[in-house]
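Trainee: Right, I'll just put the structure down here and ask away after.
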Amino acid sequence: MPINESKKRWVLARSDAAIVSNLARELNLSEFSATLLANRGLTDVEAAYKFLHPQLGDLHDPFLMCDMRVAVDRIMQAIARKEKILIYGDYDVDGTTSTVILKRALTILGADVSYYIPERLKDGYGLRDDAMDMAHKQGFHLIISVDTGIRAQQAVERARALGLDIIITDHHLPDTGLPRANAVLNPKRPDCQYPNKNLAGCGIAFKLAQALLTEGGRPQLVESFMKIAAIGTIADIVPLTGENRVIAKFGLDGLQRPRNPGLSALLEVCGVAGKPVSGSDVGFRIGPRINAVGRMAGASAAVDLFDAPDLETAMRMALAMDSQNTVRQATEAEILAQALGQIEASEADSGCVAVIAGNGWHRGVIGIVASKVVDRLHRPTVIISVENGVGHGSGRSIPPFHLLDGLTTCADLFERFGGHSHAAGLALRAENIPEFRRRLNAHARATLTDDDLIPTIATDYRLRLELAAPSTLGEIARFEPFGPGNPEPLFETHGAEVATPPRVIKEKHLKFQVRQSGRWLDCIWWNAAERAKDLLPGAQVGLAFTLSENTYNDDSQVQLVLRDLRAE
């Protein structure tokens, strides 16, 4: 039986040979490393050097951000006057880490500070009028938003009417006008010249903390805040280049030496305590556990963890978060199975966009389910949970399709909607779902080509398997942490041979060996169990893969992590 043909298009990066040679010579690098740099657009020697050797001095002056001086002066005034300060956060990992950063910095400076994070299902997203009323009744004088508020004109006006001062810190795109707050910290505002436009919400909170600690005579503490900032930055999937790379790199290094009991407990529960922590560890272990409490219950538990007085208390809290994450995973898997079942059996599969609805699906996880369906189908996807006749939807998209533009063509069908090019949310009456599906697919058919619906694998380098060695892993490690703007290097090789029958692991994954020119290597292929019957020993194949280190019983071996395989 022949191996199934790959349904993905492989595209090998092509870098200018002269640029690669110059980088290798000037930076004393191998042709391999120089090629990876050039593939990431790092063709200038100085920029490439800074990428490979990030320094704390590469952090920008926080006072370059528009309104930073105004914000710092107002906060320092509040501290001096012993005014009550409320941090208003968001319930995702970016919002909770932002809250932790700013709360800790203000506490160090002697502020009377509390925080509030709305609950996803009960309160909804963003600053709200009733929350402003609550803050006023409780005697707060200053509200600082983190990771939210850039479009909250109405709530800001309510705060002003109540005599409350408000500082907005956010990284989302502004509307046509800014809220009339005392200060608005957002590098994306049109008049802001701050060099890094791609800070996460926690990155902006970190820059505010950096400015406050410097102003308060405690600049030596700034680096300690990078651990939490790195978690939020990586988990929020912002580009890991420039200043974001510095935050992520030094923050990950610092996670090997945590002092906070809550952070220590979280790392222990995630199985990474005392080890080098990678961006992948944040994305797949740490971040999901922080996110889970905001998705399944209330995100306050994630903030409270970092205030735990001792390790024993912190471990109880971290284990509770871990349990919430287990519930989240089970809920997500159940909804994903139902959604995929609908795609196979119903009209949800009738076009370029999958619009899938179910009764009572947990709204905290439908965004993750949408992402997983996109990964499976390489099509834009909207998952809708119907409750009491109203559908609450979360959508994700593929690079060629601007999801928000697509939703805008259906605007008259919605109670509300918003988002950006590749992620969006909406609410509509349940009876409007079929028409929404029809119209969104009509728009997609008019804007997408058949080629747009073919997933692409962008490879960096043709790598013979004899070069898949520990030394190569060492060169790759210099490029970490990986993320948008700096993806993990992906390789392709041709003329390999399937050497052993595949073993199915945990009913989902495949493990087998390949050989090429006398070199045998283990392969792991996640979520590819359905391909087991096609992998016959002796078959000639091409492989698309990343490299990893597999350690078992103190024995470490290089292994291939497959992304795709095709017959040759």
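Trainee: Only bridges whose two residues both fall in the range 347-409 count here: according to DSSP, what percent of them are antiparallel, nearest 5? Don't skip to the end; give the middle numbers.
Mentor: Details: 7 of 13 bridges.
Roughly 55 percent of the beta bridges in the range 347-409 run antiparallel, per DSSP.
Trainee: Can you give me the accessible area per residue for the chain, using a 1.4 Å probe, in Å²?
Mentor: It amounts to 44 Å² per residue over the chain.
Trainee: Got a sec? What order do Lys103, Lys122 fall in by accessible area at 1.4 Å, biggest, i.e. largest, first? Provide the component values of the computation, followed by the final result.
Mentor: Details: Lys103 35, Lys122 145 Å².
The most accessible residue leads, giving Lys122, Lys103.
Trainee: Is the shape of the range 224-282 best called rounded, prolate or oblate, per the rule: a/c under 1.5 gives rounded, else a/b larger than b/c gives prolate, else oblate, with a ≥ b ≥ c the square roots of the Cα gyration tensor eigenvalues?
Mentor: Prolate, because a/c is 1.5 or more and a/b exceeds b/c.
Trainee: Continuing with this model, one more query. Return the unpartnered cysteines for the chain, using a Cβ-Cβ cut-off of under 4.7 Å.
Mentor: Taking the Cβ cut-off of 4.7 Å, the unpaired cysteines of the chain are Cys202, Cys270, Cys352, Cys410, Cys523.
Trainee: Per-residue ellipticity at 222 nm for the chain, helices alone: DSSP H runs ≥ 4 residues times -39500 (n - 2.57), over residue total, nearest 500 deg cm²/dmol?
Mentor: -12000 deg cm²/dmol
Trainee: Among DSSP bridges having both ends in the chain, what percentage is antiparallel? Round to the nearest 5.
Mentor: 60 percent
Trainee: Looking at the range 270-408 only, what percent of DSSP beta bridges run antiparallel? Nearest 5 please.
Mentor: So the antiparallel bridges amount to about 55 percent of the total.
Trainee: May I pose another question? To the nearest Å, what is the center-to-center distance of the range 446-464 and the range 117-154, using C-alpha atoms only?
Mentor: So the separation of the two Cα centres works out to 43 Å.
Trainee: Could you compute the FRET efficiency for Gln154 and Ile237, with r as their C-beta to C-beta distance and R0 at 35 Å, rounded to 0.05?
Mentor: 0.75
Trainee: Sticking with this one: Give, in nm to one decimal, the length gained when the segment between Arg25 and Arg9 is fully stretched (0.36 nm per residue of separation minus the Cα-Cα distance). List each step's numbers first, then the result.
Mentor: Values: separation 16, 0.36 × 16 = 5.76 nm, distance 3.34 nm.
Extra length available between Arg25 and Arg9 comes to 2.4 nm.
Trainee: Whenever you get a sec, compute what percent of the accessible area on the chain sits on carbon and sulfur atoms (1.4 Å probe).
Mentor: 50 percent
The values are calculated or read from the model by the stated rules, or taken from the named source; none is laboratory data. Predicted model only: the values in this text are computed from it and were never measured. Cβ sites come from the backbone with ideal geometry, for glycine too, and all protein chains shown count toward neighbours. Just so you know, the surface numbers come from the protein's heavy atoms only, side chains and all, with ligands and any DNA or RNA stripped out. Shrake-Rupley method; radii C 1.70, N 1.55, O 1.52, S 1.80 Å.
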